[in-house]
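Read the figures in this text as sums done on the coordinates, not as results from a lab. Computed from a predicted model, the values in this text were never measured in an experiment. Counting neighbours? That spans all protein chains shown, and the Cβs are built from the backbone with ideal geometry, glycine included.
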Amino acid sequence: KPDESSFGFLAYLYARKGLREKISELENSMDGFGFASKRTILYSNMISGYVKKCDLDSVCDVILQSLKRDGEDSSFSEETYCELVKVFIESQSIKSLAALIIEAHKLESLSTECDKLVGFGIVNACEKLGFSGKSILDEVDAQGGFGG
């Protein structure tokens with residue numbers, strides 16, 4: 001019987017190769033084996049695969065899909081946030097990163113703990129990597145996020 005890390009590894013490979021239909025099959029299989037509650041492992045590995053491929057749109061899609069599907073249970077590790085922030089910064093896609101924060105914020109529950117918010121994870125990763133979290137927040141404000 002496979003474990004959740006097996007699913008995660010396959011998710012990484014499928015994402016890196018751009019095999020979306022295989023990822024969908026993988027999600028269904030994961031549910032069938034009783035790993036529905038461990039979906040963050042799948043999503044984190046998908047993000048890693050898409051980051052390797054520099055597919056920023058798919059990175060955003062995975063994060064937003066995780067929030068739609070799992071809500072508060074979709075918090076990612078600091079490592080995942082650092083990985084995705086780095087590729088957005090290197091691709092000079094600050095506007096896209098800010099748009100991701102805004103879209104994620106719309107999906108997150110008011111009861112979500114602050115340190116589990118996508119925006120918090122992204123800004124925290126920026127600071128950890130030596131980038132200005134303030135510049136991201138300024139861009140979020142410029143795009144009208146957070147009621148701005």
At 10 °C and 1.306 mPa s, the Stokes-Einstein diffusion coefficient in µm²/s for the stretch 96-148, with hydrodynamic radius from the Kirkwood sum on alpha carbon pairs, is 143
FRET efficiency, 1/(1 + (r/R0)^6) with R0 22 Å, evaluated for Lys106 and Ala36 via beta carbons: 0.35
Under the 7 Å Cα-to-Cβ spin-label approximation, Cys82 and Glu127 lie apart by a distance in nanometres of 1.5
For the stretch 4-53 and the stretch 88-116, what is the centre-to-centre distance using only Cα atoms, to the nearest Å? 21
Determine the sum of side-chain charges near Cys82: Lys and Arg each +1, Asp and Glu each -1, restricted to other residues whose C-beta is under 13 angstrom from that of Cys82. -3
So if we plug the beta-carbon distance of Gln143 and Ser29 into 1/(1 + (r/R0)^6) with R0 = 35 Å, what FRET efficiency do we get, rounded to 0.05? 0.40
Quick one: angle between helix 4-17 and the longest Cα principal axis of the chain, in degrees between 0 and 90, rounded to 10, please. 70
Please name which of Ala98, Gly130, Val62 has its Cα lying farthest along the dipole of the chain towards the positive end, using unit charges on Cβ (Lys, Arg +1; Asp, Glu -1) and the Cα centre as origin. Val62
Rounded to the nearest 500, what is the 222 nm mean residue ellipticity of the chain from helices alone, with -39500 (n - 2.57) per DSSP H run of 4+ residues and division by all residues? -22500 deg cm²/dmol
If the cut-off is a Cα-Cα distance under 20 Å, which lysines reach Lys1, setting aside same-chain residues fewer than 8 apart in sequence? Lys22, Lys38
Tally Lys/Arg at +1 and Asp/Glu at -1 over every other residue whose Cβ is under 13 Å from the Cβ of Glu4; what's the total? 0
Cα-based Rg (one decimal) and Dmax (whole number) for the stretch 1-128, in Å? 13.9, 43
